[in-house]
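Have a look at the structure below, then the notes.
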Number of protein chains: 2
Amino acid sequence: MARDESGFSHPDEGTLSLEAIFHALSDPYRLRIVRALAASTVPMNCGDLSFGRPKSSMSHHFRILRAAGVLHTTSQGVEHMNRLRRDMLDRRFPGLMAAILGETGQPAGDHPRRLTPA
Amino acid sequence: MARDESGFSHPDEGTLSLEAIFHALSDPYRLRIVRALAASTVPMNCGDLSFGRPKSSMSHHFRILRAAGVLHTTSQGVEHMNRLRRDMLDRRFPGLMAAILGETGQPAGDHPRRLTPA
DNA sequence: TCGTTTGTTCGATAAGAATGGAACTAGTCC
DNA sequence: GGACTAGTTCCATTCTTATCGAACAAACGA
């Protein structure tokens, strides 16, 4: 979990903890970030994923997701670009992300599009 | 989410929240409970799933798991019998429990047997 | 160099969750 | 009824997390 070239700490595959991942995903904003990244073909910066919340709050959420190994951040100029660590997560916990994102193959209704209890 | 015959409140399928499930699963003891129940062919009482912790603490954890819809509790005499709500969870979030429990089909190494970071 | 943009860090506060002892309730058996 | 068992509820304490303004840092362009 050394700081990489871009100055961010990312856990490596062997140290992933399911508890930490679940904790990271138990917050509505963090789940929105994950879904937005999953739906995007390109990395997104923090501003794109702020949902109108203060920068300091979102920076906190990004740090939790990074520390859990859910996303990866790199600097590009003044921006910090984020992407899901989908490959690693799929290797370590096959099916987990697919289940979270509702990629089930079967129609499964309207299921996980709701972020807050109705 | 009305109290059922046995006096416990269980959410019904439509009101399940992924955030609540993740929060429920983000605790090491709760994850142990879930894994033990998944590995058992029969319901287990709270005492069987106490891991040596105080009853009041474990009662708290059972309530969280119940409220999230992860397990179902019924009274049988003085005991409270618990079982995973696997069918409902599989309907609502297909693949989620399988991923958590490491039922991947592929060998996937030693992966999710560790409960606390090494 | 100065100003702008993007995001982090710091610090204080508030909200939420975990813990565990003590008292309590509900069954069961004598 | 009395004793015993299995869990829950209550309560206080402690720990953790979230929130957000303010100050800061780094990259960039004029």
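What to note about this one:
- Identity of the residue in the stretch B:8-21, of a type in the set (D, E, K, R) and part of a helix (DSSP H, G or I), that ends up farthest from DNA strand D (Cβ to nearest atom): B:Glu13
- Residue that is nearest to the other protein chains (Cβ to nearest Cβ) [pool: residues in the stretch A:67-99 that are open to solvent by 10 Å² or more (accessible area, probe 1.4 Å), touching a residue at least 40 places away in the same chain (Cβ under 8 Å) and more than 15 Å from A:Leu49 (Cβ to Cβ)]: A:Arg92
- Candidates B:Ala36, B:Ala67, B:Ala24, filtered to the one that is in a helix (DSSP H, G or I), more than 8 Å from DNA strand D (Cβ to nearest atom) and over 18 Å from A:Leu18 (Cα atoms): B:Ala67
- Taking the stretch B:6-45 as the range and being hydroxyl-bearing (Ser, Thr, Tyr), more than 14 Å from chain A (Cβ to nearest Cβ), open to solvent by less than 50 Å² (accessible area, probe 1.4 Å) and without any contact (Cβ under 8 Å) to a residue 60 or more places away in the chain as the test, the residues that pass are B:Ser9, B:Ser40.
- Against the numbered list (1) near DNA strand D (Cβ under 10 Å from one of its atoms); (2) closer than 21 Å to A:Gly102 by Cβ, B:Asp48 comes up short only at (2).
The values are calculated or read from the model by the stated rules, or taken from the named source; none is laboratory data. Quick caveat, the model's predicted, so the values are computed rather than measured. Here Cβ is always computed from backbone atoms with ideal geometry, including for glycine, and neighbour counts include all displayed protein chains. Areas reflect the complete protein model, heavy atoms only, side chains present, ligands, DNA and RNA absent. Shrake-Rupley method; radii C 1.70, N 1.55, O 1.52, S 1.80 Å.
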